[in-house]
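The values are calculated or read from the model by the stated rules, or taken from the named source; none is laboratory data. All values reported here derive from a predicted model rather than from experimental measurement. When we count neighbours, we look across all protein chains shown, and the Cβ atoms used for this are built from the backbone with ideal geometry, even at glycine. Side chains included, ligands, DNA and RNA excluded: accessible areas come from the protein's heavy atoms. Shrake-Rupley method; radii C 1.70, N 1.55, O 1.52, S 1.80 Å.
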Amino acid sequence: MEKRELTCIGCPMGCQLTVTMENGEVTEVTGNTCQKGDIYARKEVVNPTRIVTSTIRITGGDKERVSVKTASDIPKDKIFEVMKDIDAAVVAAPAHIGDILVQNVAGTGVDVIATRNVEIA
C-alpha cells in the first residue's frame, strides 16, 4: 500500500489530500471537502495533466503579444515541449478570443487558442 499527500487545486479551498494506492490503482482519497478534490486526486496520481497559459508574439497588431492557453489539458510531462512550440510561434493580427493560433501543439492533439482580442494596428 502506498500513500501520497497532495494539495488540491480543484477549488480555492486547497484541501490537503491523502491518496491511498494499491497496485498502481487509487483505493481511497481522504481530506477533500468537495467532489472536485476526489476527482483531482485520482487523476493527478495516475495521469497528471495541466492547462498551459502563455503569450504568443503577434505582428501588425495593436499589442505586441496575445495571451493564449491550451484548449484543454495536456499531459504534464509535455509542458516544456508545448512551451517550446508556443515560444516559436508568431501570428499575424487580428486575433480574437477562441481563435486557434497553434494547432496540435507538441503533437498532443490539443490546440492553443487566443484568450484576448488583438486588432490590426
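Miscellaneous remarks
- Residue within the stretch 54-61 that is more than 20 Å from G109 (Cα to Cα), of a type in the set (A, V, I, L, M, F, W, C), touching a strand residue (DSSP E or B) at 6+ places or on another chain (Cβ under 8 Å) and in the same structural domain as G107 (by TED's automatic domain parsing) present: yes
- If the condition is being modelled with pLDDT under 95 and of a type in the set (A, V, I, L, M, F, W, C), then the stretch 1-33 contributes M1, I9, C11, M13.
- Members of the stretch 34-68 that are open to solvent by less than 80 Å² (accessible area, probe 1.4 Å), without any contact (Cβ under 8 Å) to a residue 60 or more places away in the chain and assigned to a strand (DSSP E or B): T49, R50, S54, T55, I56, T59, V66, S67, V68
- Taking the stretch 69-105 as the range and being in contact with a helix residue (DSSP H, G or I) (Cβ under 7 Å, 6 or more places away or on another chain) and open to solvent by 20 Å² or more (accessible area, probe 1.4 Å) as the test, the residues that pass are K78, E81, D85, V102.
- Residues located in the stretch 69-94, provided they are of a type in the set (V, I, T), within 16 Å of T108 (Cα to Cα) and in a strand (DSSP E or B): T70, I74
- Within the stretch 7-20, the set of residues being closer than 20 Å to D73 by Cβ, out of contact with any Cys (no Cβ under 9 Å at 6 or more places or on another chain) and open to solvent by less than 30 Å² (accessible area, probe 1.4 Å) comprises V19 only.
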